[in-house]
Every structure is written in structure tokens, then in C-alpha cells.
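These notes are about the structure you will find just below.
The values are calculated or read from the model by the stated rules, or taken from the named source; none is laboratory data. Quick caveat: nothing in here was measured; it's all calculated off a predicted structure. Note: ideal-geometry Cβ built from the backbone for every residue, glycine included; neighbour counts use all protein chains shown. The protein model used for the area step is the full one, side chains on, heavy atoms only, and it has no ligands, DNA or RNA in it. Shrake-Rupley method; radii C 1.70, N 1.55, O 1.52, S 1.80 Å.
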Amino acid sequence: TQRSVTVDSCVECCIITVCRRLIIRNCSMCSFYIMTPSTPILLSGCDNIKFAPFNSSYPTIREDAKTSGLSDTLNLWDKPIVVTQNQTVNGPQWTPMDPKQFSLITVPVEAPSTIRNPILAGDLINRANVRTKQKRFFFTL
């Protein structure tokens, strides 16, 4: 399945997605928890974007990743590219999420999370102070 997610004109949102390609434009102060085998693309108008590995879990997550053709070992969440027509860029458009801000969620939502996500990036989760937060989340699977 070829599936892209395009996020446009969001401010202060938290996006959680598994997709083949992620395209972001005109977004500000957003957090993205993603699993993607391709580099996320930041187009013009993006600033203060934070990236982290996919942070959700549910009992059939590994089987769903396999069925969709997505690898549970290749996740380029931290390798975005910036594409802009304006060659003058003020400051970084993105940063990796601070591990202290990283949180896990389980679908259906439970607190605290009791199901382990087998596809999380180990380094970030090991350094994170994992806690449940109440935020506005948008899911795509």
C-alpha cells in the first residue's frame, strides 16, 4: 500500500502516525511521533517542529506493520529533510524531541501504559522519563 500523510497549517498539534511518507507544510510548534521508512519532508512555512519515534502501542502492532509492508526496524523519524523555495532560512525548522517530553500511549488509551511497543527507538525511550500526558492527539494508521 502506498500511503502518504500530508499535514498542512497546524499550530500546537501533536500528530501520531505510521506512514510511508510524511509531508509537512505551514506548521508551527507541532510534535510528530512517527514511524516511516522514508525521510519526513518539511516544506515552506514550518518552524519549531519536534520529531520523536512512534509512541503508541496496541496488541497487534507488529502484525499490522508486517501486513502493511512497513518494516519495524527501519524508521527514519529523525532524518527529515527541509525543502524550501526561499534560500534564507531563519533558525532550525525542526529538532528531535527532548526525551523528558516523550510519552507513551496505549490504544485504547490506558494510564499507565502496560503494553510494550516493540518498534520504539530504544535509545530515546531508555532516556525518556516516560509518563502519561493528556494532549490533543491525532492518529493515523
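Brief remarks follow.
- For the stretch 12-60: accessible area per residue (Å², 1.4 Å): 28 Å²
- Counted charge near MET35, where neighbours are those whose Cβ lies closer than 14 Å (Asp, Glu -1; Lys, Arg +1): +3
- ILE23 paired with THR67, simple spin-label distance in nm, labels 7 Å along Cα-to-beta-carbon: 2.7 nm
- Amide H contacts under 5 Å for PHE102: ASN129, restricted to partners 5 or more places along the chain or on a different chain, H placed in the peptide plane at 1.01 Å from N.
- Ligands, DNA and RNA aside, THR84 has an accessible area near 50 Å² when probed at 1.4 Å.
- The residues ARG62, ARG20, sorted by heavy-atom accessible surface at 1.4 Å with ligands and nucleic acids left out, run ARG62, ARG20 from largest to smallest.
- Environment charge of SER4, counting only residues whose C-beta is closer than 14 Å and scoring Lys/Arg +1, Asp/Glu -1: +3
- Across the alpha-carbon atoms of the stretch 1-62, the computed radius of gyration and Dmax are 11.7, 38 angstrom.
- Surface accessible to a 1.4 Å probe, GLU12 within the full protein complex, Å²: 110 Å²
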